[in-house]
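Peer 1: Just passing along the structure, written as structure tokens.
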Amino acid sequence: MRVSNLFGKTLRDEPAEAEIASHRLMLRAGLISQVASGVYSYLPLAWRSLRKIEQIIREEMDAAGAQELRLPVLQPLEIWETSGRSEVLGRDMFRVQDRRERPMVMAPTHEEVLTSHVKANVNSYRDLPLILYQIQTKFRDEPRPRGGLIRVREFDMKDAYSFDADDEGLDQSYQAMMRAYGRIYERCGLSTIMVEADSGAIGGKHSHEFIAPASAGEDTIVLCDSCGYAANVERAAFAKTATPPEEPLPLEEVATPGVKTIERLASYLDIPAWKTIKAVLYVADGKMVFAAVRGDLEVNEVKLKNALGGAQLRFAAPQEVAAAGLTVGSASPIGADAAIIADDSLRLGSNFVMGSNKDGFHLRNANFPRDFDADVVTDIALVQDGYGCRVCGGVLSARRGIEVGHIFKLGTRYSEAFDCTFPDHADALRPVVMGCYGIGVGRLLAAAVEQTNDEAGMVLPESIAPYKVWLTALNVEREDVAGAADALYGDLVDAGVEVLYDDREESVGVKFNDADLLGLPIRLVVSPRNIKRDVVEARRRTGGEATLVPSGEAAEYVRSLLSVR
RNA sequence: CGGGGUGUGGCGCAGUUUGGUAGCGCGCGUCGUUCGGGACGACGAGGUCCUGGGUUCAAGUCCCAGCACCCCGACCA
């Protein structure tokens, strides 16, 4: 491709709306163009990269024994009501009506349709196991799209679904997908960390995310420095420090005028935060929820939500708090008209200070469960950087990253909803055991740009760069230059090398800067200076010295530099 | 949905305070001079100033309503 013909211009100025590197660079280099919030067109350069990523995914999925198929975006709302997810997904789902006013949706994921097909096509244990996948557009009306391709409302996703006869089969399918994911990211030149994750709206009991470490990422994960434990903070378990044992003392009231926060309470009474109980008040499905954690910890809303069985959570409004008989700033679980969810850290201490439901007073020497009961006692605390590892006692450190893949053990949630069963060896009807596995293709590209860019521009990995070589001709208006560059371009094309030929009559600075901006792995320079010596100059985008190669050997030399041809 | 911000040629912005009918840089076109890290000169094209309503002799500017987009939070590949 000649740059003079390429659709998509580079921009000199930084696009104003872009904050993060991948968004800025992809706009500046002419890869993408915005259509609406969270909706982008992929221009030719981006589309080439995306197709390469898709191809790598396809090869690894096929190698893992998965079969590609294609499911529709447009689906009747009905099947989403069958699974109960019409309500779960709510306004995240784009809804449309057909001409007969039949309610339809633009699919945000495909468990429902595929399970219904599997029901019709799997009649025996002999038809299992099965892994099916597609690479296709998903629609999710995200509350807040952000960061260019990081979070969008229309995006391409590879989604795979496994169907097994039992949990052991699911384990094997899950492992196979896990390994395939590792290879996919490696081949794409992306560094990722697999972490334990919460399964969210997709459901299921067990899931892992693949996180590409990057400061622009939306996710926070913790890693153990000694045993390798890795988890999303939404899910991460950690060692809660035990506090010095004490003899339980009688409950008593203590005056705390104007004290509304744990920080103030601790300093007012001159006690450590871990001697207090923190109350955070939420409303879930119209019911008041009293979340209690030890004062030195924070509430993890995802864990709390799971403890409540997946209800929608929001902070309680002051009027609601009052209506439940609670006092803001000094809320007490004793006598509260609320579901009380206690973090298990409350069992690790004694003689706590907590609210009294009386403004200006707290209770001293509160002991759990002596003085109050909880509806649920579980882990609802949020991990923090530096906390201890629950597995080995090492130190957990926090990192930001981009979720580029997520795999789930679904179990029988969907197969039961769709009555997707099969007769086993003993002729007993059993629901198929499912797993599902997703990779966001555009997000993967954005993550790769986030991980590899420098001040001059993108430095895309060779395997997913839109072209391998940027051939630049300086002073193309000179016949000798144009002739030599055209000839080399022809040689490269004949040798099967993907090359972008910058044949524009632009100044050197413009041409070199554009080459750096797009950041193709190899840059070749044909110029009057090089022609005089009958050489071509070759240089890698990742740095190092330029090499002067005899013109006749240039195409072959370039091929030798490429690891993927 | 809550909070913050921005809408002016393709891109980046000024002009809004104090109303008088739109300007700069880049880019674009033609010609000439340049030519190894975003060159220079000359001439030129290109704008419903987000939308609707209002005030006014007159609105990019003031008032009202709405919309879009970005950023921070609650959600996800």
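The values are calculated or read from the model by the stated rules, or taken from the named source; none is laboratory data. Source: prediction; values computed, not measured. Heads up, the Cβs are rebuilt from the backbone with ideal geometry, glycines too, and the neighbour counts pull from every protein chain shown. Ligands, DNA and RNA are excluded from the accessible area calculation, which covers all protein heavy atoms including side chains. Shrake-Rupley method; radii C 1.70, N 1.55, O 1.52, S 1.80 Å.
Peer 1: Yes or no: A:THR137 surrounded by 15 or more Cβ atoms within 10 Å (Cβ to Cβ) and within 16 Å of RNA strand B (Cβ to nearest atom)?
Peer 2: no
Condition check ((1) more than 38 Å from the chain's Cα centre (by Cα); (2) closer than 30 Å to A:LEU149 by Cα) across all residues:
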site: A:ASP502; (1), (2): no, yes
site: A:VAL510; (1), (2): no, yes
site: A:ILE531; (1), (2): yes, no
site: A:GLY552; (1), (2): yes, no
site: A:LEU561; (1), (2): no, no
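Peer 1: Further question: Could you count how many residues in the stretch A:468-491 are crowded, with 21+ Cβ neighbours inside 10 Å and either more than 16 Å from RNA strand B (Cβ to nearest atom) or under 16 Å from A:ALA214 (Cα atoms) (or both)?
Peer 2: 2
Peer 1: Filter the stretch A:148-184 for residues that are hydroxyl-bearing (Ser, Thr, Tyr), assigned to a helix (DSSP H, G or I) and more than 13 Å from RNA strand B (Cβ to nearest atom) and give the result.
Peer 2: A:SER173, A:TYR174
Peer 1: Within 16 Å of RNA strand B (Cβ to nearest atom), basic (Lys, Arg), surrounded by fewer than 19 Cβ atoms within 10 Å (Cβ to Cβ) and touching a residue at least 24 places away in the same chain (Cβ under 8 Å): which single residue out of A:ARG347, A:ARG314 fits that description?
Peer 2: Just a single option satisfies the conditions, and that option is A:ARG314.
Peer 1: Now, a different point. It is to be established whether one or more residues within the stretch A:185-198 are touching a residue at least 40 places away in the same chain (Cβ under 8 Å) and part of a helix (DSSP H, G or I).
Peer 2: Within the stretch A:185-198, one or more residues are touching a residue at least 40 places away in the same chain (Cβ under 8 Å) and part of a helix (DSSP H, G or I).
Peer 1: Considering only residues that are surrounded by 16 or more Cβ atoms within 10 Å (Cβ to Cβ) and more than 36 Å from the chain's Cα centre (by Cα), look in the stretch A:518-529 and name the one that is farthest from RNA strand B (Cβ to nearest atom).
Peer 2: Per the criteria, the residue is A:LEU524.
Peer 1: Confirm whether A:VAL88 is in the same structural domain as A:MET178 (by TED's automatic domain parsing), touching a residue at least 60 places away in the same chain (Cβ under 8 Å), among the aliphatic types (A, V, I, L, M) and surrounded by 18 or more Cβ atoms within 10 Å (Cβ to Cβ).
Peer 2: No.
Peer 1: Now, a different point. Which of (1) touching a residue at least 40 places away in the same chain (Cβ under 8 Å); (2) within 20 Å of A:HIS208 (Cα to Cα); (3) more than 26 Å from the chain's Cα centre (by Cα) is the odd one out, the single condition A:ALA160 does not satisfy?
Peer 2: Single failed check for A:ALA160: (3).
Peer 1: For the stretch A:200-209, give me each residue that is near RNA strand B (Cβ under 9 Å from one of its atoms) and assigned to a strand (DSSP E or B).
Peer 2: A:SER207, A:GLU209
Peer 1: Next up: Please specify each residue of the stretch A:91-122 satisfying the condition of being within 20 Å of A:LEU69 (Cβ to Cβ) and either open to solvent by less than 10 Å² (accessible area, probe 1.4 Å) or at pLDDT below 95 (or both).
Peer 2: A:VAL105, A:ALA107, A:PRO108, A:THR109, A:HIS110, A:GLU111, A:GLU112, A:LEU114, A:THR115, A:VAL118, A:VAL122
Peer 1: Taking the condition within 19 Å of A:LEU500 (Cβ to Cβ) and within 12 Å of RNA strand B (Cβ to nearest atom), does A:LEU27 pass?
Peer 2: Criteria met by A:LEU27.
Peer 1: Hey, can you tell me all the residues within the stretch A:1-24 that are out of contact with any Leu (no Cβ under 6 Å at 6 or more places or on another chain), near RNA strand B (Cβ under 10 Å from one of its atoms) and open to solvent by less than 20 Å² (accessible area, probe 1.4 Å)?
Peer 2: A:HIS23
Peer 1: May I pose another question? Take the conditions within 13 Å of RNA strand B (Cβ to nearest atom), part of a loop (DSSP other than H, G, I, E, B) and buried (at least 16 other Cβ atoms within 10 Å of the Cβ) and apply them to A:ALA212. Does it pass?
Peer 2: Criteria not met by A:ALA212.
Peer 1: In addition: So how many residues does the stretch A:438-467 have that are touching a strand residue (DSSP E or B) at 6+ places or on another chain (Cβ under 9 Å) and away from RNA strand B (no atom under 14 Å from the Cβ)?
Peer 2: So the answer is 4.
Peer 1: Do we find that A:ALA197 is surrounded by fewer than 23 Cβ atoms within 10 Å (Cβ to Cβ), within 16 Å of RNA strand B (Cβ to nearest atom) and modelled with pLDDT under 95 in this structure?
Peer 2: Here the answer is no, as A:ALA197 does not meet what is asked.
Peer 1: Exactly one condition in (1) open to solvent by less than 10 Å² (accessible area, probe 1.4 Å); (2) farther than 19 Å from A:LEU6 by Cβ is not met by A:LEU561; state its number.
Peer 2: Checking A:LEU561 against (1) open to solvent by less than 10 Å² (accessible area, probe 1.4 Å); (2) farther than 19 Å from A:LEU6 by Cβ, the one that fails is (1).
Peer 1: If only one of A:SER49, A:SER37 is polar (S, T, N, Q), near RNA strand B (Cβ under 9 Å from one of its atoms) and under 29 Å from A:GLY217 (Cβ atoms), which one is it?
Peer 2: A:SER37
Peer 1: From the residues in the stretch A:385-412 that are surrounded by fewer than 18 Cβ atoms within 10 Å (Cβ to Cβ) and within 14 Å of RNA strand B (Cβ to nearest atom), which one is farthest from A:PRO257 (Cα to Cα)?
Peer 2: Ranking the qualifying residues of the stretch A:385-412, first place goes to A:ARG400.
Peer 1: When the residues of the stretch A:498-517 are narrowed to those that are open to solvent by 10 Å² or more (accessible area, probe 1.4 Å) and more than 8 Å from RNA strand B (Cβ to nearest atom), which ends up nearest to A:VAL449 (Cα to Cα)?
Peer 2: Among residues in the stretch A:498-517 that are open to solvent by 10 Å² or more (accessible area, probe 1.4 Å) and more than 8 Å from RNA strand B (Cβ to nearest atom), the one nearest to A:VAL449 (Cα to Cα) is A:GLU498.
Peer 1: Within the stretch A:48-85, work out how many residues are without any contact (Cβ under 8 Å) to a residue 24 or more places away in the chain and of a type in the set (A, V, I, L, M, F, W, C).
Peer 2: Number of matching residues: 0.
Peer 1: If I filter the stretch A:355-363 for residues that are touching a Leu at 6+ places or on another chain (Cβ under 7 Å), at pLDDT below 95, crowded, with 16+ Cβ neighbours inside 10 Å and on the phi > 0 side of the Ramachandran plot, do I get at least one hit?
Peer 2: For the stretch A:355-363, residues touching a Leu at 6+ places or on another chain (Cβ under 7 Å), at pLDDT below 95, crowded, with 16+ Cβ neighbours inside 10 Å and on the phi > 0 side of the Ramachandran plot: present.
Peer 1: Quick one: A:PRO431 ticks every box in (1) open to solvent by less than 10 Å² (accessible area, probe 1.4 Å); (2) in the same structural domain as A:ALA212 (by TED's automatic domain parsing); (3) more than 9 Å from RNA strand B (Cβ to nearest atom); (4) in contact with a Cys (Cβ under 9 Å, 6 or more places away or on another chain) bar one, so which box is it?
Peer 2: (1)
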